[in-house]
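The values are calculated or read from the model by the stated rules, or taken from the named source; none is laboratory data. Everything numeric here is computed off the predicted structure, so don't read it as measured data. Cβ atoms come from the backbone with ideal geometry, glycine included; neighbour counts cover every protein chain shown.
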Amino acid sequence: MKKNIFIYLLLIIFIGTFIYSLINIIRWYIDVRNTNSVIEEIKDIVIINDVERKDSKFMDIDITKLRDTNSDTVGWIKIDGTNIDYPFVKTNNNDYYLTHSFDKSYNNAGWVFMDYRNDTSFSDDNTILYAHGRLDKTMFGSLKDTLESDWFNNLDNHIIKVSTENENSLWKVFSVYRIPTTDDYITINFDDMGYEQFIDMISKRSVHNFNVDIDNDDKILTLSTCYNNSDKVVLHAKLIEKESK
């Protein structure tokens, strides 16, 4: 009798676990479908222009069109060699866009967003963008590709393009790494000594040698996402050129 009860309990646990896992899989696929739908809608309303300026090629996007869909829109970011080619947003906290898409619909895939403490003019020492590391490589799911030698060996991949309402800018990657979850790289502003120590710390962590000089006058762009449940993938780049719009 006791043996039968034990078997029944195991069966109930197994069925419950199976149903729970199935529900999560279904939810994940719904989130993927909805995210891809939003991405396609964005592509229909946005024109991306590459603008030649001597030896530089800026990306220029009319952000006002995106604001018609989402007033939180700040700009657009693109990194060659990855799938990162999205508008990014900002609100008054770092939680909302973990569970909401660009059109503000509920979606566990979230969206790319700027740290709420940052100024949208990129005037802070360290401007931070976050997004989920999705398995289908949407959002920042392909950021982990920057850890690979194939990505690093293509020098074109080292330049990040950003377009906002008021300016277009180019950022040069100088550090990428995987690290157990920590918050020591998400400070916004520093005094001179603190900034020097910060730059030294994040530069030494890089899995690649980018051979890029950084000093206290440089502005830094940081991208952060989950590698898994315990680790992060982080990328840092410095501002190398910008133009007003």
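Across region 176-208, what is the total count of residues that are closer than 15 Å to D115 by Cβ and among the polar types (S, T, N, Q)?
So the count comes out to 2.
Given the conditions (1) more than 21 Å from V207 (Cα to Cα); (2) free of Cβ contacts under 8 Å to residues at least 12 places away in the same chain; (3) surrounded by fewer than 21 Cβ atoms within 10 Å (Cβ to Cβ), which single one is not true for L155?
Looking at each condition in turn, L155 falls short on (1).
Of all residues in region 106-116, how many are assigned to a loop (DSSP other than H, G, I, E, B), closer than 22 Å to K242 by Cα and not acidic (D, E)?
1
Of everything in region 214-227 that's touching a residue at least 60 places away in the same chain (Cβ under 8 Å) and assigned to a loop (DSSP other than H, G, I, E, B), which residue is farthest from T146 (Cα to Cα)?
This residue is K219.
Taking only region 60-71 into account, find how many residues are surrounded by fewer than 21 Cβ atoms within 10 Å (Cβ to Cβ) and in contact with a strand residue (DSSP E or B) (Cβ under 8 Å, 6 or more places away or on another chain).
Summing the residues that are surrounded by fewer than 21 Cβ atoms within 10 Å (Cβ to Cβ) and in contact with a strand residue (DSSP E or B) (Cβ under 8 Å, 6 or more places away or on another chain) in region 60-71 gives 4.
Can you tell me how many residues within region 80-91 are assigned to a loop (DSSP other than H, G, I, E, B) and either of a type in the set (S, T, Y) or farther than 18 Å from L135 by Cα (or both)?
4
Which residues, counting only those in region 190-213, are part of a loop (DSSP other than H, G, I, E, B) and either modelled with pLDDT of 95 or more or surrounded by fewer than 13 Cβ atoms within 10 Å (Cβ to Cβ) (or both)? Break it down stepwise before answering.
Initially, region 190-213 is screened for residues part of a loop (DSSP other than H, G, I, E, B), giving 190-191, 205-213.
Across region 190-213, the qualifying residues are D191, R205, S206, V207, H208, N209, F210, N211, V212, D213.
Yes or no: I220 out of contact with any strand residue (DSSP E or B) (no Cβ under 7 Å at 6 or more places or on another chain), under 26 Å from W76 (Cα atoms) and aliphatic (A, V, I, L, M)?
For I220, the condition - out of contact with any strand residue (DSSP E or B) (no Cβ under 7 Å at 6 or more places or on another chain), under 26 Å from W76 (Cα atoms) and aliphatic (A, V, I, L, M) - is not met.
Answer yes or no as to whether V38 is at pLDDT below 95, more than 17 Å from G141 (Cβ to Cβ) and not in a loop (DSSP other than H, G, I, E, B).
So V38 does not fit the description; no.
Being outside any helix (DSSP H, G or I) and either under 18 Å from the mean Cα position of the chain (by Cα) or within 20 Å of V74 (Cβ to Cβ) (or both) is the filter here; which residues of region 147-158 pass it?
The answer is E148, and nothing else.
Let's see how each residue does on (1) surrounded by 14 or more Cβ atoms within 10 Å (Cβ to Cβ); (2) touching a Phe, Trp or Tyr at 6+ places or on another chain (Cβ under 8 Å); (3) in a helix (DSSP H, G or I):
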site	(1), (2), (3)
N93	no, yes, no
D145	yes, yes, yes
I160	yes, yes, no
S163	yes, yes, no
S169	yes, yes, no
R178	yes, yes, no
D184	no, no, no
